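Down below is the structure, laid out as C-alpha cells.
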Amino acid sequence: MIRRLRRKIKKAFRELLIYHNSSLEYRAKLLTLMVAVNNKITPCEEKLLYKIACDIYEKDEERAEILVEAVLEYFNKIVTDNGLAFEHLVFQVEKETKMVKRFAQKINIKQLRLFRRCLHEEEDIIYQERVLAFLERLKEQYGSV
C-alpha cells in the first residue's frame with residue numbers, strides 16, 4: 001500500500017520528484033506514438049510496453065512503472081480527446097528532438113519495431129511504419145549532432 005501511495009505521489013509530481021523527468025517523458029511520448037496507432041492498447045502491446053520499460057530501466061522497477069503510467073496517461077489523453085491529438089504528439093516529439101539533440105539517441109527503432117507484431121490490420125501496420133520512418137529520420141537528422 002505504501003508503495004502504491006508513493007507511486008501516486010510521484011505520478012502527481014513527476015516533474016519535480018523524478019530525476020531526468022524530461023527524458024522519461026520523451027520516452028513515454030515515443031512509446032505512446034507506437035501504441036496509439038490503432039487507437040487501442042491490445043494485451044500484446046501492453047505486455048510489450050512493460051517489457052520495453054523494464055529493458056530501458058532494468059535496475060529501477062519503479063521508474064519503469066512510472067514510464068508505463070506516463071504512456072497510458074498520454075494514450076488516454078489522445079483517445080478521449082483531452083487536450084492531446086496524435087498529430088500534436090508527433091509535433092511535440094519533433095520539437096523536443098530538435099531542441100534537445102541528445103534525445104535522438106533515445107529513439108530505439110529496434111525496440112519500437114517490436115510493436116509491429118501486435119498489429120493485424122494492414123492499415124495500422126502501414127501507419128505504424130510511417131511513424132517509424134519519421135522517427136528514423138529524426139534520429140538520423142539529430143542523433144549525430
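The values are calculated or read from the model by the stated rules, or taken from the named source; none is laboratory data. Every value quoted in this text rests on a predicted model; they were computed, and no experiment measured them. Because the Cβ atoms are built from the backbone with ideal geometry, glycine has one as well, and the counts that use them run over all protein chains shown. Ligands, DNA and RNA are stripped out before the accessible areas are found, and what is left, the full protein with its side chains, is counted by its heavy atoms. Shrake-Rupley method; radii C 1.70, N 1.55, O 1.52, S 1.80 Å.
Just a few scattered comments:
- Number of positions in segment 76-107 that are exposed (fewer than 15 other Cβ atoms within 10 Å of the Cβ) and within 21 Å of Glu140 (Cβ to Cβ): 8
- Looking only at residues in segment 23-74 that are basic (Lys, Arg) and farther than 18 Å from Glu87 by Cα, the one that is least open to solvent (accessible area, probe 1.4 Å) is Arg63.
- Subset tally (residues that are among the acidic types (Asp, Glu) and open to solvent by less than 40 Å² (accessible area, probe 1.4 Å)) for segment 108-135: 1
- Highlighted here are the helices (runs of 4 or more DSSP H) found entirely within segment 20-130 that include at least 2 residues which are touching a residue at least 40 places away in the same chain (Cβ under 8 Å) and among the small types (Gly, Ala, Ser): 21-35.
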